[in-house]
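K.L.:
Below: one structure in structure tokens.
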Amino acid sequence: MIEPRPVVVAGVGTSGFGRWPQRHAPELSNEAIHEALADADTTAADIDAVYVGSVFGAPGVASRVVAAAGLAGAPTYRIEAACASGTVAFHEAYQAIRLGRHERVLAVGVEQLSTIFGGAIVPEPTDPEGRAGLALPALYALQADRYLHQWDQPGSLLAHVAVKNKAHGALNPRAHLRGEPPSLEQVLQSRPIAGALTLLQCCPMSDGAGAAVLSTPQRPDRDVTVLGSSFRSGNLWDQDSDAPWGFECVASAAAEAFEDAGLTADDVDVAEVHDAFTIGEVLTLEAVGICEPGSGIGAAASGETALGGRLPVNPSGGLLSRGHPLGATGLAQLAELVWQLRGDAGQRQVPGARTALLETMGGGAAGVDGNACVVALLGGPRSHDPDVGPNQPGESP
Amino acid sequence: MSKPLVPADPRPTVDGQHISGVQCEECGRASAFVDARCRRCQGAVRAAQFGPGGTVWASTTVHLTVDHREPPFTVAYVDLDNGPRVLALVNGEQSVPPQTRVNLVGEVQGDLLVEVAADD
């Protein structure tokens, strides 16, 4: 029996997020990897293995990314788990350290969507529902339709999630969309996409990369502890399923992560969750237990989940504003939470944040309750002073 | 140089107002996927047909062009009576509320097509 070891995130890095068709995946990744290595005060030579998350990256993308970063020779694993690819890469890196397989591991996520799709992601034609034209916005709109019917709520309430996250994103210099945040009316009057979802309630198609160095504890003043992490793939989702698609998958991952960490949702100070579409954030907050069933839709409107609220959610701007470079998203979420827990998040800082929740959900395969979901709980550095972070406001990474 | 072959269409096969699927001889689970064994219990399955009646679980009107489908079009998850949950096009441009009764009426370029039942 292997005695599990404590695991920390020693360093994080990201590229900026946007549309960069001229920047190859290795170039995007290098920006994130070298920032993460420097942040961890380590070098490529000290990395034992690399886990790379990417959905549409070309065959061999992981090897090209690793070679370009000066890590050639390190065992390299490529992971595809839809939108959760980068988060699964993080989870597997965590397990590799925890179970003693490696000492220092790099998790990377990278995606370049701008050279593959001109608009929304084209549904996969070898999937029964993909072949039937079920684009991802429509899948989420179907979730929304069921949820709104179940709780007898107006679809217009969903728009508050976009208003909130785009206001957060305006404070994030790395966000894809960081202009003047839209008003509620502008979100509601933007182009209809599917059901209750308008254009500004859908994430942009982004290019970008993220990276994290994981190890056993080394630097108490900088290490962010992985308190628990759970990775689940969805069970069958069919005529016997009452909950919206993906809900049970997220709920079961969250329950296991909280149990691992010995925490409850009441302990969470800040969260980054999968808001590819506004309904995604609403359902996730209920699935992980931050909101009671049926109350998630009111959380953004009430200010509860905004910066300054009871429990800020997606202070980075979320997928709706920071962007959604599929395989990179989980590492971007992780980077934001590490900065938050260290007190380094500048204008986006959640005062006193000590415990954070990370959730990413990936889907697209018909008949299952999500391809993959990871929920992780993170604890801040032991010496972190919640009131005085090392950076001054406005100096966010 | 030869062209790659075209993969089989993974959508359920429509025969008039019914689809062809399987039903588990052990647990009774119905599926629109023609698998060799039950996805839930791994029991043996037999061929079965489902439809035409069903109930809308959720629906949405899509305002995007998706392949040959021009917007707006409406799709729905429909629980066929004693059968599987399937994705179908809804005849007409408007979404229909959950619990609405519908009938499978055929297919459009391989997509299942339902319409609201006359007595709903």
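Throughout, read-outs are computed from the coordinates displayed, never taken from laboratory work. The shown structure was predicted, so the numbers you read here are calculated from the model rather than taken from an experiment. Virtual Cβ from ideal backbone geometry, glycine too; neighbours counted across all protein chains shown.
K.L.:
For segment B:13-116, I need the span (max minus min coordinate) of the C-alpha atoms along each principal axis, in Å, sorted largest to smallest.
P.N.:
Largest first, segment B:13-116 extends 41, 28, 23 Å along its Cα principal axes.
K.L.:
Just to check I understand the Karplus step: with θ = phi - 60° and J = 6.51 cos²θ - 1.76 cosθ + 1.60, what whole-Hz values come out for segment A:195-206, glycine and proline as x?
P.N.:
x, 6, 8, 9, 3, 6, 9, 10, 5, x, 7, 10
K.L.:
Still on this model: For the residues A:56, A:17, what sequence is obtained by ranking on other C-beta atoms within 10 Å, fewest first?
P.N.:
A:56, A:17
K.L.:
For helix A:136-151, what angle does its Cα long axis make with the longest principal axis of chain A, in degrees from 0 to 90 and rounded to 10?
P.N.:
The two axes meet at around 60 degrees.
K.L.:
When a/c is below 1.5 the answer is rounded, else prolate if a/b is larger than b/c, else oblate, so apply that to segment B:1-58 with a ≥ b ≥ c taken from the square roots of the Cα gyration tensor eigenvalues.
P.N.:
Oblate shape, in that a/c is at least 1.5 and b/c is the bigger or equal ratio.
K.L.:
Picking from A:241, A:230, A:63, which is most flexible by a Gaussian network model of chain A using Cα springs under 10 Å?
P.N.:
Maximum among the listed residues: A:241.
K.L.:
Mind checking which of A:331, A:268, A:355 is farthest towards the positive end of chain A's charge dipole, using Cβ charges of +1 (Lys, Arg) and -1 (Asp, Glu) about the Cα centre?
P.N.:
So the residue furthest toward the plus end is A:331.
K.L.:
For chain B, set up a Gaussian network in which alpha carbons nearer than 10 Å are linked by springs, and say which option among B:107, B:26, B:70 fluctuates the most.
P.N.:
Per the Cα network of chain B with a 10 Å cutoff, B:70 tops the list.
K.L.:
Moving on. Taking the Cα centre of chain B as the origin, how large is its charge dipole in debye, to the nearest 20, when only Lys and Arg (+1) and Asp and Glu (-1) carry charge on their Cβ atoms?
P.N.:
Roughly 520 debye for chain B.
K.L.:
How many Cβ atoms of partner chains, on average, are near each residue of A:118-128 if near means within 10 Å of its Cβ?
P.N.:
Per residue, the average neighbour count from other chains is 3.
K.L.:
Using Stokes-Einstein with the Kirkwood hydrodynamic radius over Cα pairs, what translational diffusion coefficient do you get for chain A at 10 °C and a viscosity of 1.306 mPa s, in µm²/s rounded to a whole number? All intermediate terms of the calculation are to be shown ahead of the outcome.
P.N.:
Numbers: Rh = 20.4 Å.
The Stokes-Einstein estimate is 78 µm²/s.
K.L.:
Helix A:25-39 versus the longest principal axis of chain A: what angle, 0 to 90°, nearest 10, using Cα atoms?
P.N.:
Helix A:25-39 sits roughly 60 degrees off the main axis of chain A.
K.L.:
Let me ask you something else. Can you sort A:42, A:305 from fewest to most other Cβ atoms within 10 Å of each residue's own Cβ?
P.N.:
Arranged by neighbour count, lowest to highest, A:42, A:305 become A:42, A:305.
K.L.:
Per residue of B:32-39, what is the mean number of Cβ atoms on other protein chains within 10 angstrom of that residue's Cβ?
P.N.:
Going residue by residue through B:32-39 and averaging, the value is 2.
K.L.:
If each of residue B:68 and residue B:40 carries a label point 7 Å out from its Cα toward its Cβ, how far apart are those two points in nm?
P.N.:
Output for this residue pair reads 3.5 nm.
K.L.:
Which Cα, out of A:205, A:301, A:233, lies furthest along the positive dipole direction of segment A:194-311 (beta carbon charges, K/R +1, D/E -1)?
P.N.:
The one lying farthest along the dipole's positive direction is A:205.
K.L.:
Another question about this same structure. What percentages, rounded to whole numbers, describe P(r) for segment A:4-114 computed over all alpha carbon pairs with 5 Å bin width beginning at zero?
P.N.:
Pairs per bin, as whole percents: 2, 13, 24, 27, 20, 9, 3, 1, 0.
K.L.:
So, one more: Inverting the mean 1/r over all pairs of different Cα atoms, compute the Kirkwood radius of segment A:126-168 and quote it in Å.
P.N.:
With all distinct Cα pairs of segment A:126-168 included, I get 12.1 Å.
K.L.:
Next question, about the same structure. Rounded to the nearest 20 debye, what is the charge dipole size of the protein assembly as shown about its Cα centre when +1 sits on each Lys and Arg Cβ and -1 on each Asp and Glu Cβ?
P.N.:
1000
K.L.:
Then there's this: Using only Cα atoms and rounding to the nearest 10 degrees, what angle (0 to 90) does helix A:278-287 make with the longest principal axis of chain A?
P.N.:
Once rounded, the angle reads 70 degrees.
K.L.:
Tell me whether segment A:156-296 comes out rounded, prolate or oblate; compute the Cα gyration tensor, take square roots of the eigenvalues as a ≥ b ≥ c, and use a/c under 1.5 as the rounded threshold.
P.N.:
Values: a/c = 2.01, a/b = 1.22, b/c = 1.64.
The shape class here is oblate.
K.L.:
Per residue of segment A:313-322, what does 6.51 cos²θ - 1.76 cosθ + 1.60 with θ = phi - 60° give for ³J(HN,Hα)? Whole Hz please, x for Gly and Pro, Karplus curve as stated.
P.N.:
10, 6, x, 6, x, x, 5, 5, 10, 4
K.L.:
Still on this model: Across peptide B:5-13, how many C-beta atoms of other chains are within 10 Å of each residue C-beta, on average?
P.N.:
Numbers: counts 0, 1, 3, 1, 5, 10, 8, 2, 0.
Mean partner-chain Cβ count within 10 Å for B:5-13: 3.
K.L.:
So, one more: Using a Gaussian network model of chain A whose springs link C-alpha atoms within less than 10 Å, name the residue from A:193, A:297, A:97 with the highest mean-square fluctuation.
P.N.:
A:193
K.L.:
Can you list residues whose amide H is under 5 Å from residue B:106's amide H, if they're 5+ apart or on another chain and H is modeled 1.01 Å from N?
P.N.:
Correct list: B:113.
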